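What follows is one structure encoded as structure tokens, with my remarks underneath.
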Amino acid sequence: MGEDEIIGFEALRQTLVYWNIDDYPIPTDDLVPVFGDILKALHVMGFRNGYIDVYLYSEQINCEAIVTNDFLGQGEYYCAFGYKVLDITLYMIRRATCIGPGPVNYFVIAKPKRELHRVLQCLKSRRHNVLLVKPPPPGEKFLFSVDSLLENARFLGGGKPRFKELYASHASEYDISFEKYVEIKEDVSKMVDFSERIPTVKGPRTAVFWDAVDCPFPPSSSPDAIYHSISSALVEREFSDNITIWAYLDDDDDQKGSWLGGDKTWATRIYFLPGGDKASRRIRMLNDMFLWARDSPRGMRYEASLVLFADQFIGAGGYYTDMLRRLDAMYYDLLFVTPTLDINNPESPQWPGLLLDRGATYFAFEEPPSPKMHEAHAAAEEEETPKKLQII
């Protein structure tokens, strides 16, 4: 599909506008006419809901921005909010999960960086319509007029939408039931990297998100050996044996680079993903946890366990703690494992059990942790291990 090809399009669902004011500064003190032009352009492009939610955000946390974390106002056809955030992508995922049933539309006024581009691709693969604006030539400002928006807006992947009646009301009924009744079959030879909806798993299950830079694996171990060591330790501590592991590597790790991308040559459910630097890994891991929760909704309370191995969330600020709390509020059995120096030894015969016994901390749940985990914590306290991170 050509980038400038006209595509007949109609969507009746809600449109969310995400506007990065660092990339595209606010052109005027009066935003109401700007919001009106955005809505008019969307209407011509086939987004016919007639109402937009606008999120203006800055990722420059320490600078004085025009907007702060606040409600900016509401009009006849819009509702606007302002945020200072470390990264907007998790808000996009959560919003897509909260609104429904069926997919929503995204209009993104930002210059896609690595994680933003990846998340937008993830949302597109889950049937959300994603619209972007082409950046202006260097040195020029973007014009937020109807004509400029129509000229520069493109679907992610190419194509300029223009309204064409497509019986979207009938399609929306299909959207409502699509994910509830259509199961994604597992293919163990395929890498599961969240670029598309993950295989359907029902009943008790355990998802592990492992920072392999903070918590290194035993040297020279194969992916299958790593999986069996981790899964055995979890099952011994009464976690479900239906276990999937996502491990996040340094992009420049030459030793394990062959595990990233390409064909999956091992049999078990362990998947290696590029994490980037410390801050990037933290953001991607949280995003993937919420994509997992979106694609793998629990049935009964706490039937699904989520285990996070990482030290990069320590001292990272309230933003990350708050997002982890939200998983707790969704009734997932959430365990946080901190690899302190005295237990973070992948060459130890007690690995990774020692990490779980001495480094694990539960969030505050309505139900207590398993008896074996209680015993392990008690034993660790008797040996005066370093204080564990407490998240209350």
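Quick look at the numbers
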read-out: Given charges at beta-carbon only (K, R positive; D, E negative), |dipole| of segment 190-362 in Debye; value: 720 debye
read-out: Unit charges at the beta carbon, dipole of segment 6-171: most positive-side option, Phe107, Gly139, Tyr57; value: Phe107
read-out: In Hz, Karplus ³J(HN,Hα) per residue of segment 225-241 (6.51, -1.76, 1.60; θ = phi - 60°; x = Gly, Pro); value: 5, 4, 4, 5, 5, 5, 5, 5, 5, 5, 5, 4, 9, 6, 7, 4, 7
read-out: Nearest-10 value in Å² for the accessible area of Asp357, using the 1.4 Å probe; value: 40 Å²
read-out: Solvent-accessible ranking of Cys79, Cys98, largest area first, probe 1.4 Å; value: Cys98, Cys79
read-out: Label-point gap, in nm, between Arg48 and Tyr319 - each point 7 angstrom along Cα→Cβ; value: 3.9 nm
read-out: Share, in percent, of DSSP beta bridges within segment 190-362 that are antiparallel, nearest 5; value: 10 percent
read-out: Efficiency of FRET from Cβ geometry, Gln60 and Asp241, R₀ 45 Å, rounded to 0.05; value: 0.45
read-out: Under 5 Å, built H, 5+ apart or other chain: amide partners of Gly73; value: Ala80
read-out: GluC sites (Glu not before Pro) lying in DSSP loop within segment 216-310, provided at most 13 other Cβ fall within 10 Å; value: Glu238
read-out: Segment 6-171 - share of DSSP beta bridges that are antiparallel (%, nearest 5); value: 20 percent
read-out: Simple label model, 7 Å out from Cα along Cβ direction - Ala329 to Asp224, nm; value: 4.4 nm
read-out: Cα-centre dipole for segment 6-171 with unit charges at Cβ (Lys and Arg positive, Asp and Glu negative), debye to 20; value: 920 debye
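The values are calculated or read from the model by the stated rules, or taken from the named source; none is laboratory data. Here the structure is a predicted model, which is why all the values come from computation and not from measurement. Backbone-built Cβ (ideal geometry, glycine too); neighbour counts: all protein chains shown. Please note that ligands, DNA and RNA were not included when accessible areas were found on the heavy atoms of the full protein model with its side chains. Shrake-Rupley method; radii C 1.70, N 1.55, O 1.52, S 1.80 Å.
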